[in-house]
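The values are calculated or read from the model by the stated rules, or taken from the named source; none is laboratory data. These numbers come from a predicted model, not from an experiment. Note that we place each Cβ from the backbone using ideal geometry, even for glycine, and neighbour counts take in every protein chain shown. Heavy atoms of the whole protein, side chains included, go into the accessibility calculation; ligands, DNA and RNA do not. Shrake-Rupley method; radii C 1.70, N 1.55, O 1.52, S 1.80 Å.
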Amino acid sequence: MNNFNTKSKEIKEGEFIKNLLQIKDKNITIEKTHNEIIKNNQKLFVFKGTLSYTPNKCECCGCLNKGYTVVKNGFNELTRINLLKISGIPAYLELKKQRFKCKSCNKKFVATTSFVDKYCSISKNVKFSIMSDLADTLSFKQIAKMNNVSINTVIRTLYDCKSHVDITNYSFLPEYLCFDELKFTKDSKNGMSFIFSNALTREIIDTVDGRTEYILNNYFSRFSKEARYNVKAICIDIYTPYMKLIKSKFPNAEIVIDRLHIIQNINRELNKTVKLMNCFKGQKGINYTLLKNNWKLILEDESNVTHGKFFFNRSFRSLVTSRDILDYLLGLDCIFKASYERVQDIRYAIKYRNNTLLSYLIDESTSGLSIGVCKAVNTMRKYKEYMLNSVRHSISNGSLEGINNKIKVLKRVSYGYKIAFITLDYVF
Ligand SMILES: [Zn+2]
């Protein structure tokens, strides 16, 4: 009786460790004791376990196990399996796997478990942990260290994830799409890669290495005609190959220029205009210092520059508001002022989605504007229809912009790795 009690306690302790290690497979039993060993000055936990069961059939010939067709045939060599760290200490499971022999085909095979993949020494728990770490912005090195695995294991796990996101269905596309470029170059054929997503759900559909018309035409030819004809609108940056592609492959889709890109473009030209004002450099007076310190004010949305808050300005030697400074700067040059006002008006029209105003501003004469802003307005005029679409439709590439930012951060944290295509998959 006493003996029986001890045994049941032993099993219970084994079960307790098994729960701690998160081993869900019923066929694995864990010994109640574990070893602590020191390897390379590092303490390690080593647990011992046995995998055994009665198989339903032979894995080699498939014959059912009726009346001892398949018998147990000793154990295989110990398999050492990486576990998740316990209290910061790396842990392993030394698993004895049952070997079976089939009397029907005379072959031998080894017990399998859901806890670890065949021929693999990393437990699935560790793999899930790596996958979850991959979703954060960490370097491979950090993830490898956290999970007590090699960097190659992290990369391999990443590839396993990738196979789950690869497109297999080419007969469907969402009605609204976003096209954008991905900026991480080096390993990409054309310096830029292409990414597209569902504009409404923001889900990424796929990425393509390169973004030339030829590459993209080839890529989208894989999708069925029905899928492509189903697309109603596509949000893009001002990039002619996209426009040509959309016309030939997506005849029912309206081209929408991304609002953010329009604003970025005209703002960039306005910024160049600000730089032209460097002629004040070397001149006496406060103009140059004021421009140098407040150029951001000029690129700001005008409605944010207010008379709200007073602060002391050393150039003026008095209390001013940011609006005072802006007004002073605009008074310096009439071309500069006209350019500023046109850019702000366009931004206003886009912000409040005012179709009529935007149309008017695009068509209005560009005389009296700086060369750069003039150029930007002329580009808008060239693609006026698409520009107006951008205020008619609510779709934008905002979510894809976020991805480019994430890649930037990843590139910074994963220094030492120039495997750009891995960085690409990493995002998903
Ligand atoms: Zn067999």
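Some values worked out for this structure:
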read-out	value
Matching residues, region 19-73, being of a type in the set (Phe, Trp, Tyr) and either more than 16 Å from the ligand (Cβ to nearest atom) or not assigned by TED's automatic domain parsing to the domain that holds Lys103 (or both)	Phe45, Phe47, Tyr53
Any hit, region 113-123, residues being without any contact (Cβ under 8 Å) to a residue 60 or more places away in the chain, within 16 Å of the ligand (Cβ to nearest atom) and open to solvent by 20 Å² or more (accessible area, probe 1.4 Å)	no
Some residue of region 128-150 being away from the ligand (no atom under 16 Å from the Cβ), closer than 17 Å to Asp25 by Cβ and either open to solvent by 70 Å² or more (accessible area, probe 1.4 Å) or not assigned by TED's automatic domain parsing to the domain that holds Glu226 (or both)	yes
Failed condition for Ala144, given (1) small (Gly, Ala, Ser); (2) over 20 Å from the mean Cα position of the chain (by Cα); (3) at pLDDT 85 or above	(2)
Residue list for region 26-73, restricted to those being more than 12 Å from Leu93 (Cα to Cα), among the polar types (S, T, N, Q) and touching a residue at least 24 places away in the same chain (Cβ under 8 Å)	Asn27, Gln42, Ser52, Thr69, Asn73
Residue within region 316-330 that is acidic (Asp, Glu), open to solvent by less than 70 Å² (accessible area, probe 1.4 Å), in contact (Cβ under 8 Å) with a residue 40 or more places away in the chain and outside any loop (DSSP other than H, G, I, E, B) present	no
Top-ranked residue in region 77-108 [being over 42 Å from the mean Cα position of the chain (by Cα) and either of a type in the set (A, V, I, L, M, F, W, C) or under 28 Å from Ile130 (Cα atoms) (or both); ranked as surrounded by the fewest Cβ atoms within 10 Å (Cβ to Cβ)]	Cys105
Residue ranges of helices (runs of 4 or more DSSP H) in region 344-393 with at least 3 members out of contact with any helix residue (DSSP H, G or I) (no Cβ under 8 Å at 6 or more places or on another chain)	371-382
Some residue of region 52-75 being in contact with a Ser or Thr (Cβ under 7 Å, 6 or more places away or on another chain) and either at pLDDT 90 or above or closer than 25 Å to Ile17 by Cβ (or both)	no
Subset of region 74-111 [in contact (Cβ under 8 Å) with a residue 24 or more places away in the chain and within 12 Å of the ligand (Cβ to nearest atom)]	Phe100, Lys101, Cys102, Lys103, Ser104, Cys105, Lys107, Lys108, Phe109
Residue match in region 211-221 (condition: among the β-branched types (Val, Ile, Thr), within 24 Å of the chain's Cα centre (by Cα) and open to solvent by less than 10 Å² (accessible area, probe 1.4 Å))	no
Positions within region 233-247 being in contact with an Asp or Glu (Cβ under 9 Å, 6 or more places away or on another chain), surrounded by fewer than 16 Cβ atoms within 10 Å (Cβ to Cβ) and of a type in the set (D, E, K, R), in sequence order	Lys244
Any hit, region 239-248, residues being free of Cβ contacts under 8 Å to residues at least 12 places away in the same chain and assigned by TED's automatic domain parsing to the domain that holds Ser370	no
